[in-house]
Amino acid sequence: MSDWPDLAGRIEGGSHILPIRVYYEDTDFTGVVYHGAFIKFFERGRSDYLRLCEVHHKLLLHEDPSRSLAFAVRRMEVEFLRPAKIDDVLEVQTTLVEARGARLSLRQEIRRDGELLSSADVFAAVINGHGRPARLPKELMSRLIARTAP
């Protein structure tokens, strides 16, 4: 466990909230966040959401690839509404929409002071170490659902 319990954000009202500061490396030459950085912010939100639900990436790995598990984004629909700029403090909100079998559906939003800047509908597949679909074990599935129930 970390000495920084809030480093992975927090779960609030059924959603995961992760604060992110915009750094120079996230921007283009005008100081505006490059669109690809939003994708990284969404990924950080999903990773820390799983971490707070006690579904740790490193614990999903196994010596036997058929027993290893990973999450692979299958499809992502992103809408860019407003720009973010250097030094902005953003909040990435991740909400589980559906978890079934080998599929997860999530809604993510990035806000600055409550204003929606970007949103994404993310569809992920659970795969084994061979890249084939695999069911998420019931114990892990229940952690996702229990931690994010409103």
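The values are calculated or read from the model by the stated rules, or taken from the named source; none is laboratory data. None of these values were measured; they are calculated from a predicted model. Every residue, glycine among them, receives a Cβ derived from its backbone with ideal geometry; neighbour counts consider all protein chains shown.
Condition check ((1) free of Cβ contacts under 8 Å to residues at least 60 places away in the same chain; (2) farther than 13 Å from Glu91 by Cβ) across all residues:
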{"residue": "Glu12", "(1), (2)": "yes, no"}
{"residue": "Ser15", "(1), (2)": "no, no"}
{"residue": "Ile20", "(1), (2)": "no, no"}
{"residue": "Glu25", "(1), (2)": "yes, yes"}
{"residue": "Phe29", "(1), (2)": "yes, yes"}
{"residue": "Val33", "(1), (2)": "yes, yes"}
{"residue": "Lys40", "(1), (2)": "yes, yes"}
{"residue": "Gly45", "(1), (2)": "no, no"}
{"residue": "Asp48", "(1), (2)": "yes, no"}
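Report, by residue number, each residue of the stretch 69-85 that is in a strand (DSSP E or B), over 15 Å from the mean Cα position of the chain (by Cα) and of a type in the set (A, V, I, L, M).
Leu69
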**Request:** Only residues that are surrounded by 15 or more Cβ atoms within 10 Å (Cβ to Cβ) and closer than 23 Å to Lys85 by Cα: list them for the stretch 1-15, please.
**Result:** Ala8, Gly9
**Prompt:** Taking the stretch 86-106 as the search range and keeping residues that are over 17 Å from the mean Cα position of the chain (by Cα) and among the β-branched types (Val, Ile, Thr), which one is nearest to Ala120 (Cα to Cα)?
**Reply:** Val89
**Complete:** Within the stretch 69-127, the residues that are in contact with a Ser or Thr (Cβ under 7 Å, 6 or more places away or on another chain), among the acidic types (Asp, Glu) and crowded, with 17+ Cβ neighbours inside 10 Å are Glu109
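Before we move on, is Arg111 modelled with pLDDT of 95 or more, of a type in the set (D, E, K, R) and under 16 Å from the mean Cα position of the chain (by Cα)? Show your work before the answer.
Values: modelled with pLDDT of 95 or more: yes; of a type in the set (D, E, K, R): yes; under 16 Å from the mean Cα position of the chain (by Cα): yes.
Taking the combined requirement at face value, the residue satisfies it.
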